[in-house]
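Okay, here's the structure, questions in a sec.
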Amino acid sequence: MCWKAASIAASAVAGRTSARIRNNCAYSVKHPGPRHSVYRNYRQVLFERLRAVLQDKVRLEDLRLTVEEPPQVEMGDYALPIAFELARTFRKAPRKIADELVAAIGNVPGFSGFEVAGAGYLNGRLDRNAAAHRFAEGQESLPETREFILVEHTSINPNKAAHVGHLRNAILGDTLVRLLRAANSTVGVQNYIDNTGVQVADVVVALTHLQQLDLPGVQRWMRELAARGERIDYACWDLYAKVSQWYDAEPEQKQARKQIRLDTLHALEAGGNDTASIAELVSTAVLRRHLETMFRIGIEYEFLPRESEILHLHFWDAAFALLQRTGVLYQESEGKNAGCWVMRRAGTAGADGENPDEEAKVIVRSNGTVTYVGKDIAYHLWKFNKLGLNFGYRLFHTYPGGGQCWISAEQSDESAPHFGHADAIYNVIDSRQADPQNNVIEALRGMGYTQVAENYHHFSYEMVALTPRCAMELGYAVSPEDQDRAYIEVSGRKGFGVKADDLIDKLIAAATVQVDARHPELDPADRESIARKIAIGALRYYMLRYTRTTVIAFDMQDALSFEGETGPYVQYAIVRAANIFRKAGITPEQALEQFGPVDAKPYFTGEDGNSLWELWLLASKSVHVLEKAIQTTEPAHLAKYAFQLAQQFSNFYHRHHVLTEADPARKAVLLATAAIAQRELIRALGWMGMEAPDVM
RNA sequence: GGGCGAGUAGCUCAAUCGGAUAGAGCACCGGCCUUCUAAGCCGGAUGUUGUGGGUUCGAUUCCCGCCUCGCCCA
């Protein structure tokens, strides 16, 4: 059974795209993909010529061809440190080798010349006029890939409001999806829901024991919240903090209360009782709020696999059988783990025959319960279609743009698609989960799924913490020793953190103030739409500008800033380019057509020409940066690139007054420059889920 | 105790497989709105890249030791 939907929206931000059905699979969104890649094509041409030149002199498989950027654009467009590499094998000075290479290379199509620079760099110079025209036309394309990639992100426990840390996860994950799709991959998006875990149990305990509510009582409570217009995830945020304190509040009660928690957890896992029904009601309502929150910043999901179905459809039983058969799990007979089913941890010595392996990872406890890692192994076997079991599917939500979001169920709807069958996966999970993630990978490897283990990517990133200043501004008590720290970790258990919706509300409010002041003539709906795009731009850029290994010390002031290295700065550059075309009375596409017959060579020479060319060169690198961002799974590269391109455009904007340019040929060049800069800025922002408003 | 990550300008962060003069933003000081929008542009000052060694034509980057911080595991 396959999904029949004719078209679904890629996202609220990117707009509609037509769907293509991947053979019998539901994940179907296909983006047009990049078409302009002049920078990397010329690099390829250069590499091929070098290989031809060096063919008889060195073993090509040993040849490492790397390309760098000369420090200044006057020095050329490509810098190759190859002469340094060859210096040892040829026992010659790098400069001398570089000289010989320049002579041997001769003329290369698209290049105006080569020279030796510095201590022995081989610098290549593009024919600027030809490259610019080729780039303006934009005919090249990236190859399509056949493999199916599954990205999982967000995965918030459905027991409280989303906070800034979850925003980082979702924005990184959603951006990864957009990057992969931009590079012509087929990508599915899912959001794992742990709806039977201890965190949901905690909120259920809060409702049943602190609030003394039964099932009808909880239903009434939810109706009352809705009537008052209160967010249930916010209410649960407070309940969760309260119950966490309650467990430890009275020492003599501690054990009894923890037992209540454990009993509740077991009731949730078993299902089919009032406690489980309460959990189902509350967690689903909170989940719907999470979907709303993420949709506000342009993020959609296609499938929501839940832990309840992993339990009730007995995924673990199937996985357990496989794990035993392949010998990955064995039952420990002595030591602290006696009676447990354990797995040897990678990098440890293991059992020596006489002594038990104390380092082994427990997968099934001696009382027969399965650990989280155990369930995760089963779940990942499903992702790679190695489990032999499948979820049922039920339509859960339809986004305004038409995108469908399905949820796991015990039985499938008639028209249900199926998910999974991944060739490769990316799990967007913070770095604290590295150990459990590696356990799952090792289990898969141990079962003989070597390729699967290779294609399992933990997309790891550091947490978002609060600066002490920010924490105090938000009214939290900060201990003296915490005040001296650079940042303080957020904690749902303590109710300590910045809620995602609060931050988004603040960003929209701050943007609205600016838009109202600048554009009082616009009607309120337009102003609101503009403010929303600016807020999304600011938030998404803020979360993407840091590399993944950086702990973001969240600061409200920085996050609310629209100046300097921010999303709105990049958006503003696009708006300014749009203003040029509006006043000029032509479209960017027309500007590029008019550029066609123009010989731009005179305008790409001299100091002014250099700075103009620098902008073209940078603009032509967008696909190169896209590929690098994917290869290194580091979206921050793209964020930095977009900012740099916007910076150079702003510089251009001030340096050249396009509309008053008297020389018609020069004016055509300047208009084309604005057009390609705008085109690449829009693309780069789109890959990051950002869009510039029409006016700012 | 073991594992992973980090330490770069006053602050927050970049820096391609090791590459040319280590770059941005913020903050600070001084200029620029009669021009396509000042959410902008130009100029100024700021560095023993934690520390000690090693590898080499070349080290913020790789290796080893030490120090500090964070996270995970027991």
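Where a number appears in this text, it was derived from the coordinates with a stated rule and is not lab data. Everything numeric in this text was worked out from a predicted model, so none of it was measured. Cβ sites come from the backbone with ideal geometry, for glycine too, and all protein chains shown count toward neighbours.
Per-residue ellipticity at 222 nm for chain A, helices alone: DSSP H runs ≥ 4 residues times -39500 (n - 2.57), over residue total, nearest 500 deg cm²/dmol? Write down the numbers at each step before the final one.
On the way: 26 runs with 342 residues, N = 696.
Only helices count here, giving -15500 deg cm²/dmol.
Still on this model: In what order do A:S622, A:S112 fall by count of nearby beta-carbon atoms within 10 Å, going from fewest to most? Numbers along the way, then the final one.
Working: A:S622 26, A:S112 17.
Ascending Cβ contact count within 10 Å gives the list A:S112, A:S622.
Separate question: Among A:L210, A:L287, A:L560, which comes first, second and so on when ranked by fewest other beta-carbon atoms within 10 Å? Walk me through the numbers on the way to the answer.
Values: A:L210 12, A:L287 23, A:L560 18.
Ranked by crowding around the Cβ, least crowded first: A:L210, A:L560, A:L287.
Computed over the Cα atoms, what is the radius of gyration of region A:227-370 divided by 2.2 N^0.38 Å, N being its residue count? The partial results should precede the final answer.
Numbers: Rg = 20.6 Å, N = 144, 2.2 N^0.38 = 14.5 Å.
This ratio for region A:227-370 stands at 1.41.
Checking the cross-link filter: which lysines have an alpha carbon closer than 27 Å to that of A:K336, excluding same-chain neighbours under 8 positions apart?
Filter leaves A:K254, A:K258, A:K361, A:K375.
Considering the alpha-carbon set of region A:488-626 alone, what are its Rg and its Dmax in angstrom?
Every Cα atom of region A:488-626 included, Rg and Dmax give 20.1, 66 Å.
Which percent, to the nearest 5, of DSSP beta bridges fully inside chain A are antiparallel?
Details: 32 of 54 bridges.
Restricted to chain A, the bridges split so that about 60 percent are antiparallel.
Quick one: order A:V478, A:V204 by neighbouring beta-carbon count within 10 Å, fewest to most.
On the way: A:V478 17, A:V204 30.
Going from sparsest to densest Cβ surroundings: A:V478, A:V204.
Can you list the trypsin sites (Lys or Arg not before Pro) in region A:143-180 that are in a DSSP coil and have 13 or fewer other beta carbons within 10 angstrom? Before the final figure, lay out the partial values.
Values: sites: A:R146, A:K160, A:R168, A:R178; in loops: A:R146, A:K160.
Counting only loop positions with at most 13 other Cβ atoms within 10 Å, the trypsin sites (Lys or Arg not before Pro) in region A:143-180 are A:R146.
Same structure again: Can you tell me the 0 to 90 degree angle between the C-alpha axis of helix A:500-518 and the longest principal axis of chain A, rounded to 10?
Around 40 degrees separate the two axes.
Between A:A249 and A:Q411, how high is the FRET efficiency from 1/(1 + (r/R0)^6) when r is the Cβ-Cβ distance and R₀ = 30 Å? Nearest 0.05. All intermediate terms of the calculation are to be shown ahead of the outcome.
Numbers: r = 43 Å, r/R0 = 1.44.
The formula returns an efficiency of 0.10 here.
Give the residue from A:V203, A:G188, A:A131 lying farthest towards the positive end of the charge dipole for region A:101-214; charges sit on Cβ (+1 for Lys and Arg, -1 for Asp and Glu) and the dipole is referred to the Cα centre.
A:A131
Let me ask something additional. Please report, in Å, the Rg and the Dmax of chain A, where both are computed over Cα atoms only.
Looking at chain A, its Cα Rg and Dmax stand at 28.8, 90 Å.
In addition: Each label point is 7 Å from the Cα along the Cα-to-Cβ direction; what then is the distance between the points at A:A434 and A:Q514, in nm?
3.6
Give me log10 I(q)/I(0) at q = 0.22 Å⁻¹ for region A:36-85, Debye formula, one equal scatterer per alpha-carbon, no solvent.
-0.88
How far is the Cα center of region A:466-509 from the Cα center of region A:102-151, in Å?
About 48 Å separates the Cα centre of region A:466-509 from the one of region A:102-151.
Taking the 0 to 90 degree range and rounding to the nearest ten, how far is the long axis of helix A:274-296 tilted relative to the main principal axis of chain A, both from C-alpha atoms?
10
Another question, if that's okay. What pairs in A:K499/A:K640; A:K506/A:K533; A:K57/A:K92; A:K160/A:K506; A:K601/A:K628 have C-alpha atoms more than 22 Å from each other?
With Cα atoms farther than 22 Å apart: A:K499/A:K640; A:K601/A:K628.
Ok, one more. Normalising by the residue count of region A:389-451, find the relative contact order in percent from Cα pairs under 8 Å and 6+ residues apart. Don't skip to the end; give the middle numbers.
Working: 48 pairs, mean separation 15.3, N = 63.
It comes to 24 percent, rounded to a whole number.
I would also like to ask the following. Across region A:549-688, what fraction of all alpha-carbon pairs, as a whole percent, falls in each successive 10 Å bin from zero upward?
The percentages, shortest bin first, are 11, 39, 32, 13, 4, 0.
Compute the normalised compactness of region A:594-674: alpha-carbon radius of gyration over 2.2 N^0.38 Å, N being the residue count. Walk me through the numbers on the way to the answer.
Values: Rg = 14.6 Å, N = 81, 2.2 N^0.38 = 11.7 Å.
Dividing the Cα Rg of region A:594-674 by 2.2 N^0.38 Å gives 1.25.
Right, here's the next one. Among the aspartates and glutamates, which fall within straight-line cross-link reach of A:K242, defined as a Cα-Cα distance under 16 Å, with same-chain neighbours fewer than 8 residues apart omitted?
A:D202, A:D233, A:E250
Right, something else. How tilted is helix A:94-105 with respect to the longest principal axis of chain A? Cα atoms for both, answer in degrees (0 to 90, nearest 10).
Around 70 degrees separate the two axes.
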